[in-house]
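The values are calculated or read from the model by the stated rules, or taken from the named source; none is laboratory data. Predicted model only: the values in this text are computed from it and were never measured. Virtual Cβ from ideal backbone geometry, glycine too; neighbours counted across all protein chains shown. To get the accessible areas, we keep the full protein, side chains included, count just its heavy atoms, and leave off ligands, DNA and RNA. Shrake-Rupley method; radii C 1.70, N 1.55, O 1.52, S 1.80 Å.
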Amino acid sequence: MKNHILHEKKEFANVRELIEWAAQEYGEKAAYSYRPVPTKPETVKVSFIKFRNDVRALATEMLSMGCAGKHCVVIGKFSYEWALTYYAALCIGAVLVPLDRDWLAQDLADTAIRADISYLICDEDIAEKAAVIAEKAELSAQPVFLNAKKEENSLLSLVEIGREKFESSSEEYFGAEIDPYKMSLLVFTSGTTGKGKGVMLSQNAILSDLSDVIQYVDFSDKTVGVLPPHHTYGSSVMLIGHVMIGCEVYISAGLRYVQKELKEQKPGHLVLVPLYLETFYRKIMANVKEQGKEKLIANMIKVSNGLRKVGIDMRKKLFGAVRAAFGGEVKMIISGGAPINPDILAFFDAVGISTLNGYGITECAPIIAVNRTRNIVPGSVGNVLNIDTVKIDQPNEDGEGEIWVKGPNVMLGYYKDGEATMDAITEDRYFKTGDYGKLDENGVLYITGRKKNLIILSNGKNVYPEEIENELVATPGILDIIVYEGQSRRGMEHNAIVAEVYPDKEYMEKNNITDYRAHLKPFIDEYNRNTVPYKKIGVLKIRDEEFPKNTLRKIMRFKLDMSID
């Protein structure tokens, strides 16, 4: 198998070295762009040189404040100021603790205390939460606001103060000690199956991970950043990876603006989670149906796929109207975080948008495997990174078992939780991911499901809920679906495989469907007819309210009521 290297591998000792190199390499090219007021046309562009200068300035003032070596929590939406804080903290050897702004104040305070924070940086509109955190964590320093309207306690005021200090003397900044093998990021996992743990990541872990990825992915010069930055997928890929390749990141103002932003900014690639792809797919197909063009599009795809087999690619011309939903220029989408329905992947490929499905986990900084631009393996999450060794623990007759990973991107451990660390990392430094999968002879990884979600039937058969969910998620009228073994209150003999569905109410309303169960049951019956007996769905539950989710829009299974009677 050929590696098809697209970019030269770039290695850096630490984040400070990366940002200094990027400024020299990319100069006045835009690193970030954004609209201060989403509804107004004014767009701010920040060059790589200006970004480096702002990082130097903020880092210098953070040194004066005593942040070096201390734990600094940052809470906010993805913004230029958030990116600036990330780089400045890492450039002086501080430990950054990114938290989810949507958490309750008490949860944020409890986590901040667990993380031993000394400084708090956050969005101004969550000042009330900041006050609770500062009081509970007994912080001596005042909170700093990322996007404050007033100069007092604003991040940008610190930048201006630090700029004067740096220009007077740069020795303190360049002399700040950075140990790339010690904890630089303390990331609390999203907790979809229970209470999150504090993952300790080094700069070496993050840099080595992204350095390996960029060699094989044909990135464009511009993207739109939509992922929450407190997740490692959002921060490592968007903030580290895109600086390495000199890509402009337009910072989205939020979900309500994304569709408009895509059409205006015309990105060449996107980094998403599957929920976004599923949402885009549903909207596109609903639009196609409204226009009565379902058969036309299906026939165009057949013709196009036939032409591609003889070397003629007409996708851009044939499907321009479909691609317009992404701005018209998107050629590639990188997706990670959950499985994707193969029909959705095939559709996007058919209209000229390649989807590189990947696999990662916070504890591995986060990427472990990803499909490559010139080597996409359908149904897989792609090749394991060169820096990693993956082995399948106790594989069954199909070669499936728990995925174990060893490499420089593996975490240092869980913060102040030696027992959990020992449970997760073997003596020879393999991290037990908790995910099931298999590995082929070419180093291509296939994900089966999550160990904690696995259903083990009384006959010994294993059922992976994700496999069933993935097959049904594109069903018309289904917005979200979770599969699990329903627990009967009357006794284990009454347990059954349950498909719990949150219906697509917009779709139902447009099609005058009032009986959701009657609409969905034929699709479930069709699935049951075409699957093995032990994977059949026994109970269909319809939800009135949306599933509880974290900010990566993953369903938090541990919050579900799994009873069936």
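Taken over the range 102-111, the criterion of being free of Cβ contacts under 8 Å to residues at least 40 places away in the same chain and either surrounded by fewer than 24 Cβ atoms within 10 Å (Cβ to Cβ) or touching a His at 6+ places or on another chain (Cβ under 9 Å) (or both) is satisfied by Trp103, Leu104, Ala105, Gln106, Asp107, Ala109, Asp110.
The residues of the range 148-170 include none that are among the polar types (S, T, N, Q), buried (at least 18 other Cβ atoms within 10 Å of the Cβ) and not in a strand (DSSP E or B). Against the test of being of a type outside the set (Lys, Arg), modelled with pLDDT of 95 or more, in contact with a strand residue (DSSP E or B) (Cβ under 7 Å, 6 or more places away or on another chain) and more than 16 Å from Val74 (Cα to Cα), the options Tyr181, Tyr173 yield a single qualifying residue, Tyr181. For first residues located in the range 39-54 and open to solvent by 10 Å² or more (accessible area, probe 1.4 Å) and at pLDDT 95 or above, partners that are not hydroxyl-bearing (Ser, Thr, Tyr) and not in a strand (DSSP E or B) and lie 6+ apart or on another chain with Cβ distances below 6 Å form the pairs Thr43/Arg35; Ser47/Glu28; Ile49/Ala23; Ile49/Gly27; Arg52/Ile19; Arg52/Ala23. When Lys505, Lys521, Lys541, Lys554 are checked against the criterion of being touching an Asp or Glu at 6+ places or on another chain (Cβ under 8 Å) and not hydroxyl-bearing (Ser, Thr, Tyr), a single residue qualifies: Lys541. All of Leu104, Leu96, Leu90 fail the test of being aliphatic (A, V, I, L, M), within 25 Å of the chain's Cα centre (by Cα) and modelled with pLDDT under 95, apart from Leu104.
Quick check, is Val37 under 22 Å from Gln259 (Cβ atoms), hydrophobic (A, V, I, L, M, F, W, C) and within 28 Å of the chain's Cα centre (by Cα)? So Val37 fits the description; yes. Are any of the residues in the range 123-143 closer than 21 Å to Tyr415 by Cβ, open to solvent by 10 Å² or more (accessible area, probe 1.4 Å), part of a strand (DSSP E or B) and of a type outside the set (Val, Ile, Thr)? Among the residues of the range 123-143, not one is closer than 21 Å to Tyr415 by Cβ, open to solvent by 10 Å² or more (accessible area, probe 1.4 Å), part of a strand (DSSP E or B) and of a type outside the set (Val, Ile, Thr), which makes the answer no. A Cβ distance below 6 Å, combined with a sequence gap of six or more or placement on separate chains, defines the contacts here; from the range 67-87, residues that are under 18 Å from Ser236 (Cα atoms) reach residues that are of a type in the set (Gly, Ala, Ser) and open to solvent by less than 10 Å² (accessible area, probe 1.4 Å) in the pairs Cys72/Ala89; Cys72/Ala94; Val73/Ala112; Phe78/Gly225; Trp82/Gly76.
Across the range 407-434, what is the total count of residues that are of a type in the set (Val, Ile, Thr), under 21 Å from the mean Cα position of the chain (by Cα) and in a strand (DSSP E or B)? First the steps, then the outcome.
Keep residues of the range 407-434 that are of a type in the set (Val, Ile, Thr), which gives 410, 421, 425-426, 433.
From what is left, the residues that are under 21 Å from the mean Cα position of the chain (by Cα) are 410, 433.
Going one step further and asking which of them are in a strand (DSSP E or B), we end up with 433.
Qualifying residue count, the range 407-434: 1.
Just a yes or no: is a residue in the range 205-221 out of contact with any His (no Cβ under 6 Å at 6 or more places or on another chain), free of Cβ contacts under 8 Å to residues at least 60 places away in the same chain and not aromatic (Phe, Trp, Tyr)? Yes, the range 205-221 has at least one match.
Being touching a residue at least 40 places away in the same chain (Cβ under 8 Å), assigned to a helix (DSSP H, G or I), closer than 30 Å to Gly196 by Cα and open to solvent by 60 Å² or more (accessible area, probe 1.4 Å) is the filter here; which residues of the range 533-565 pass it? Once the filter is applied, which keeps residues that are touching a residue at least 40 places away in the same chain (Cβ under 8 Å), assigned to a helix (DSSP H, G or I), closer than 30 Å to Gly196 by Cα and open to solvent by 60 Å² or more (accessible area, probe 1.4 Å), the range 533-565 yields only Phe558. Residues in the range 66-74: is at least one crowded, with 21+ Cβ neighbours inside 10 Å and assigned to a loop (DSSP other than H, G, I, E, B)? Checked the range 66-74: at least one residue is crowded, with 21+ Cβ neighbours inside 10 Å and assigned to a loop (DSSP other than H, G, I, E, B). Any residue in the range 439-462 that is open to solvent by 30 Å² or more (accessible area, probe 1.4 Å), aromatic (Phe, Trp, Tyr), at pLDDT 90 or above and out of contact with any Ser or Thr (no Cβ under 8 Å at 6 or more places or on another chain)? No, that holds for no residue.
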